[in-house]
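Rule-based calculations on the coordinates, nothing more; no lab input. This one's a predicted model, so the numbers in the text were calculated from it and none came from an experiment. Reconstructed Cβ throughout: ideal geometry from the backbone, glycine too, with neighbour counts over all protein chains shown.
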C-alpha cells in the first residue's frame with residue numbers, strides 16, 4: 001500500500017516526444033458541526049452548517065528532385081528540418097524526403113519523389129547547393145520590342161521586376177536575392193502542390209511559405225513555440241495542402257501541451273499525404289499518450305515501414321499494464337488495479353484522463369477518499385482523448401467512465417445530489433452498460449435513505465433516523481457521511497458508546513473528517529474520557545484555529561483532565577484581555593498558573609511596543625488557553641529588574657512559575673508560533 005500511494009512521476013511531454021519533435025541546427029544530424037452544549041460542542045443536527053478553515057538536418061545538401069502533386073510539396077531534402085538524430089551524414093547524398101523543412105526526430109521515411117511531369121520545374125544539386133533550371137527569357141527571332149529594336153534570338157529581356165528575398169526550392173530561406181521575384185521556379189511549378197497560377201503583385205508564393213516554415217523551425221529550435229506556431233499558421237494559410245506544414249504545426253502544439261489540437265494536425269497531414277511516415281509516427285505517439293493503444297499501433301507500426309523501437313516498446317508496456325489493470329479491477333483487487341494504472345501512466349500513457357480516473361477509483365475503494373479526489377482532479381487537467389466518445393475502457397465508454405468515477409467520489413463525500421447527476425450522465429452516454437445501471441439505482445436509494453434520515457432527525461425522531469441511515473449504510477457500507485449522521489442520532493439518544501463507534505467508522509474512510517472528530521470528542525467528553533477528548537480537540541484546534549467554540553471545548557477538556565489527575569486548576573481561566581500587572585507579588589502569582597503565561601514587557605514610549613500590541617490582542621482570541629499579561633517597565637521597574645529585562649519589547653513565556661522561553665523584538669510569525677506551541 002505504501003508504494004501504491006506514492007504520487008506518479010509526471011513525465012514531461014516534450015521529453016516524451018524527444019525523438020519525434022526535437023530540433024537541431026543541422027550540425028547534429030447532513031453534514032455540519034453543531035453548536036456546543038454548554039462547555040462541549042452541541043452536536044445538534046447532522047444537516048447544520050459547519051464553519052471550515054478559509055477556505056540533423058537529414059541529408060543536408062543532398063541532391064533533390066523537385067516535383068509537384070496536388071497534396072504536398074516535394075521540393076527538397078529536409079533542408080532546415082529539425083532532427084533529433086546526432087551524427088547524421090552531412091555529405092551530399094540523395095534523400096527520399098518529400099517534406100522540406102519538417103521537424104523530424106528519426107531518419108526520414110517520407111513519401112518517395114514523384115516522377116517528372118511536363119511543365120514542372122527541375123532542380124539540381126551541385127556540391128551542397130541546389131539550383132533550378134532558369135526560365136529561358138527569350139523572344140522569337142525578329143520580334144519587335146516597344147523600343148523599336150529587333151531582338152535577335154536568345155537576347156534576354158531585362159526584367160522590370162524588383163528584387164525579392166528568394167528561398168529557392170532546394171535550400172529555402174538562405175536569403176539570396178532573386179531577380180523577378182520568381183527566378184528559380186519555372187512557369188507551371190508550384191512548391192505547395194497547388195495548381196499553377198499567374199504571379200500577381202501582392203500575391204504570396206510558395207517560396208514565401210517555405211521562408212515562413214524556415215523561420216518557424218528556427219523559433220521551434222529555440223523553444224519559442226508560440227512564435228513558431230504563428231509562423232506555421234501563416235505558411236499553411238498560403239499552402240494549406242502542404243502536409244509538412246501541418247506536421248510541423250503539430251510539433252509546436254505539442255511543445256505548448258495542446259495535445260488534442262496536435263492530434264488533429266497530424267491527422268490532417270496524414271489525410272493530405274497517406275504515406276507520410278513521420279506524421280504517422282508523431283500521431284501514434286500522441287495517441288499512445290492518451291492511452292489509445294489500438295489506434296496508436298496503426299500509426300506506430302505503419303505498414304511497409306520500420307516502427308520506431310522506443311515508441312514500440314512504450315506501446316507494448318502500456319498495453320500490458322492496461323490489460324493487467326483490467327483483470328485486477330474485474331475481480332476487485334484494488335491494490336493491483338492501482339499499481340497497474342500507475343505503471344501504465346509511467347510507461348507512456350501520461351495524458352490519459354481515463355487512467356487517472358482509474359487510479360482515483362482504486363484509491364477510493366482503498367478508503368483513501370481525499371487522495372482519490374485529488375487524482376480525479378488531475379485527470380480533468382488533461383484534454384479528453386481523441387475519439388473518447390467511442391472508445392472504451394473496462395467495457396464502458398471512456399467518457400461515461402469519467403462520470404462513473406466522479407459519481408462514486410461524490411457519494412463518498414456526501415454530495416448525494418451531485419452523485420445522482422453524474423451517474424445519470426454516465427447512463428445517458430452508455431445506456432446499455434450494466435455496471436452503470438446498477439450503480440445508478442443504488443445511488444438513488446442511498447440518497448433517499450439519507451434524505452429520510454435527515455427529515456426524521458429534524459423532527460427529533462432520532463431512533464427512526466438511526467434506522468433510515470442504517471438502511472443507506474446497508475447499500476453503501478463505506479459512506480462516512482451516513483456513519484457520522486447516525487452518530488449524531490446516537491449522541492442525542494445518550495448512547496455515546498455507539499456514537500464513538502460510528503465516528504470511528506467514518507474516520508476510517510475519511511481520516512480528516514472534521515465533523516466526525518467533533519462528535520467523537522464530544523461523545524468522549526460525555527463518557528469522561530478526557531484524554532481522548534483533548535486529543536481530538538487539539539487536532540481540531542489546528543484545523544480550525546479561529547473557531548472559539550473549539551478552543552473553549554479544548555480548554556474545558558484540559559481543565560477536566562488536569563482535575564482528574566489531581567493537578568491544581570483553581571487559577572486557570574479561559575481567554576480574556578491582556579491583563580496589566582504592576583506589582584511584583586501580583587506578577588509572581590500570575591505566572592504560577594498551571595496554564596502557560598505570555599508576558600509582554602513594554603514601554604509606553606516605545607514605537608515597536610505600540611505596533612505589536614494590537615497583534616497581541618488578536619492572539620488572546622485565537623489562543624484562549626494562554627494567560628496573556630503585560631508589564632510596563634517604566635512604571636514597574638522592580639519587575640523588570642527581577643526578570644532582567646533590558647530591551648523592549650521583550651516576551652517571556654512562563655509555566656508553573658518557571659520561564660520556558662524568551663523572545664526579544666520577535667516578528668509576529670515567531671511570536672504566534674511560540675504561543676501556538678505552548679497552547680496545546
(message) Going by average Cβ density within 10 Å per residue, which order do the peptides 637-649, 500-512 take, highest to lowest?
(response) 500-512, 637-649
(request) Could you compute the FRET efficiency for residue 444 and residue 467, with r as their C-beta to C-beta distance and R0 at 22 Å, rounded to 0.05? (result) 0.70
(request) Taking the Cβ of each residue in 253, 473 as the centre, tally the other Cβ atoms inside 10 Å and list the residues starting with the fewest. (result) 473, 253
(request) For residue 227 and residue 664, calculate 0.36 nm times their separation in residues minus their Cα-Cα distance, and state this gained length in nm to one decimal. (result) 151.8 nm
(request) May I ask you to derive the FRET efficiency for residue 313 and residue 676 from their Cβ-Cβ distance with R0 = 56 Å, giving the value to the nearest 0.05? (result) 0.60
(request) Could you calculate the contour length gain from residue 531 to residue 434, that is, 0.36 nm times the residue separation minus the distance between their Cα atoms, to one decimal place in nm? (result) 29.9 nm
(message) If R₀ is 45 angstrom, what is the calculated FRET efficiency for the pair residue 586 and residue 504, using the beta carbon separation as r and rounding to 0.05?
(response) 0.45
(request) Highest first, please rank the peptides 607-619, 265-277 by the mean number of other Cβ atoms sitting within 10 Å of their residues. (result) 265-277, 607-619
(request) State the extension gain, in nm to one decimal, for the chain segment bounded by residue 256 and residue 604, taking 0.36 nm per residue of separation less the distance between their alpha-carbons. (result) 119.3 nm
